[in-house]
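Okay, structure first, notes after.
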Amino acid sequence: HFAKKAKLTETETNISNGVQCLLRDRLLTLCSEYEKDGWCDQTKKTNLQKMYNAYSALGGNDVAHSEYTKVMELRSIEKENEND
């Protein structure tokens, strides 16, 4: 997507695709971790949002989108005591 618009060289296209792949992997890894924890603080959400925006700008928008959305809906603070 991005590579076609900008008319990148083959090497630039490969770099773009590689960065997109790395961002997707990192997004999915972090989303899985935060979902397992059941919460995600605001600093981590901001970092995740920046990663997702870069990933999306490179043309990515598959399963990472739904996982990203789930994490953004998680509470931002950990419960101090589950029995409270």
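The values are calculated or read from the model by the stated rules, or taken from the named source; none is laboratory data. Predicted, not measured: the structure shown is a model, and the values here were computed from it. All accessible areas refer to the heavy atoms of the entire protein, side chains included, with ligands and DNA or RNA removed. Shrake-Rupley method; radii C 1.70, N 1.55, O 1.52, S 1.80 Å.
Can you count the Lys pairs in the chain whose Cα atoms are under 20 Å apart, with each pair 8 or more apart or on different chains?
The result is 10.
Could you tell me what percent of the accessible area of the chain is made up of carbon and sulfur, with a 1.4 Å probe and every protein chain present?
Details: 2970 of 5950 Å².
Carbon plus sulfur share of accessible area: 50 percent.
Report relative contact order for the chain in percent, whole number only (criteria: Cα-Cα under 8 Å, sequence separation at least 6). Walk me through the intermediate numbers first.
Numbers: 63 pairs, mean separation 33.8, N = 84.
Result for the chain is 40 percent.
Keeping every protein chain present and rolling a 1.4 Å probe, give me the accessible area per residue for the chain in Å².
Working: 5950 Å² over 84 residues.
Normalised by residue count, the accessible surface of the chain is 71 Å².
On a full-extension model of 0.36 nm per residue, what is the gain between C21 and E35, subtracting their alpha-carbon distance, rounded to one decimal in nm? Before the final figure, lay out each step's value.
Numbers: separation 14, 0.36 × 14 = 5.04 nm, distance 2.09 nm.
Here the answer is 2.9 nm.
I'm spelling it out carefully: the read-out is percent of Cα pairs over 22 Å apart, the candidates are [x] 17; [y] 35; [z] 53, and one was derived from this structure. Which label?
Matching entry in [x] 17; [y] 35; [z] 53: [y].
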